[in-house]
Amino acid sequence: MKQNRIIRNVHIVTPLGNEARRGADMAKVAHFEKGIIVIVDGMIEFAGDEKDCPAELLALHTYEYTDAGGRVAIPGIVDSHTHLVFGGYRPDEFSWRLKGDTYMSIMERGGGIQSTVNATRGCTAEYMAEKADWFLRRMSEMGVTTVEAKSGYGLDLATERRQLEAIRMLAEREDAALNIVSTFLGAHAVPTEYKGRTAEYVDFLIAEMLPEFRGLARCCDVFCEKNVFEIEDSRRLLKAAREQGYALKLHADEIVTLGGAELAAELGALSADHLLHVSDEGVKRMAEAGVVATLLPLTAFALKEPYAPARKFIEAGGAVALATDLNPGSCFSGSIPLTIALACIYMQMTIEETITALTLNGAAALGMAADTGSLERGKRGDVAILEFDNINYLPYYVGMNCVATTIHDGRVVWQAPQ
Ligand code: NIG
Ligand code: FE
């Protein structure tokens, strides 16, 4: 459902352009303090100073009206990395980690991802869609209007398909509050039935799964990690995926420095994600190749790991996106407010860079920057109106939601209680 809407009396803050903003350009956001946004049939026709808005545009259609009361509007937020669809939960693992266990040692004992796989294999697509919808409603309250959702908790043909079907069901709903993009992550772990036969599992993914899911998933991702899918297996899978028309993403250099960033650059991936332990060479190559560095500070926080080197990427002329990594294991949180606080306080990103990272650069990490991620003509009418008239509140109101109204395709999809 798309709507015509005028948002007036609004302070617009937005990055501009149809591609990722890199390096020093990440901080260059446009401000229109006396702004107006005109949305026609769900798409932005005008966003800028009220005095520059053509009068005939206002007379051309009938509109719904939103008076922002002088408050800030930023582009709808793009959460470009989540594992939204899954069965079960893993609170016990979290409690073990609090006592000193590590993420990888739990995984090596057959817990971790495999434990969610066991739960997910027993779930119908309808059940998973309903469960995921609960998270989507929370996201919408935080201003998220585009979300990426990965499969990867099936690791067999039937369950991976059910996960992707659950994502499609959510994406195709007439009244969807968000735009949902799916990623195939069959290479999330080596399932128990293939234990010790990683290369054979990769063969199976290439021969059986990739061709099956071509129309269902836009991107293909891999957990490129020591003792999971190492560089050669990841390269083989991603090359095959690229040939079959998938855009590429990698979970790279999350636990140890393995060269996932370099591989992302070599293959021209849309993004490499996590990057807590990226090498300096990897930073450089990603920046040169224009691969978006999707950084996930909530995961580093929850795993008590060091944060990814956001400043190194920006100083190398690279593009940084921020996302939540919502999943039942390493990071059971979809908190945009906490992501903002961690990026600004611990990763030394400026507030302007953080806004760009959560909007236009997130869209670029999904190959969607042409019509998503900024407030300007030709983009989707996706807007987050804040409670405040100043962007400095975003990290200052630590971990708290600053969004008053979320608008998707010109429609108000969430309004904070007054
Ligand atoms: O992005 N590291 C691999 N995948 C997820 C975690 C998935 C899980 O623990 O269930 C991540 O952190
Ligand atoms: Fe992830």
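Brief remarks follow.
- Across region 313-323, rounded Karplus estimates of 3J(HN,Hα) from the backbone phi angles (6.51 cos²θ - 1.76 cosθ + 1.60, θ = phi - 60°) give 5, 5, 5, 7, x, x, 9, 10, 10, 10, 8 Hz, Gly and Pro being marked x.
- For the chain, the longest principal axis of the Cα atoms and the long axis of helix 231-243 meet at an angle of about 50 degrees.
- Extension reserve of the Lys2-Tyr89 stretch, reckoned as 0.36 nm per residue once the Cα distance is removed: 27.8 nm
- Surface accessible to a 1.4 Å probe, per residue, for the residues of region 5-56, Å²: 47 Å²
- Rolling a 1.4 Å probe over the protein heavy atoms of the chain, with every protein chain left in place, gives an accessible area that is 51 percent carbon and sulfur.
- Cα shape, region 279-323, gyration tensor, a/c 1.5 rule: prolate
- Contour minus Cα-Cα distance for Arg242 and Thr257 (0.36 nm per residue): 3.0 nm
- Over region 29-105, Cα pairs under 8 Å with separation of 6+ residues give a relative contact order of 17 percent.
- Residue list for region 234-270, given a label point 7 angstrom along the Cα-to-Cβ vector of Ala199 and an amide N cut-off under 13 Å: 234, 236
- Using the Cβ-Cβ distance between Ala24 and Arg235 with R0 = 35 Å, the FRET efficiency computed as 1/(1 + (r/R0)^6) comes to roughly 0.60.
- Accessible surface for region 366-416, divided over its residues, is 36 Å² per residue with a 1.4 Å probe.
- Prolate/oblate/rounded call for the chain, Cα gyration tensor, a/c under 1.5 rounded: prolate
- Peptides 195-208, 9-22 ranked from most to least packed by the mean count of surrounding Cβ atoms within 10 Å: 9-22, 195-208.
- You can think of it this way: the chain between Asn9 and Trp96 has 26.3 nm of extra reach, that is 0.36 nm per residue less the Cα-Cα gap.
- Normalised by the number of residues in the chain, the mean separation of alpha-carbon contacts (under 8 Å, six or more apart) gives a relative contact order of 23 percent.
- Cα gyration tensor shape of region 1-44, rounded if a/c is under 1.5, else prolate or oblate by comparing a/b with b/c: oblate
The values are calculated or read from the model by the stated rules, or taken from the named source; none is laboratory data. Note that the structure is a prediction, hence the values are computed from the model and not measured. Here the Cβ is made from the backbone with ideal geometry for all residues, glycine too, and neighbour counts use every protein chain on show. Side chains are part of the model used for accessible areas, which takes the heavy atoms of the whole protein and leaves out ligands, DNA and RNA. Shrake-Rupley method; radii C 1.70, N 1.55, O 1.52, S 1.80 Å.
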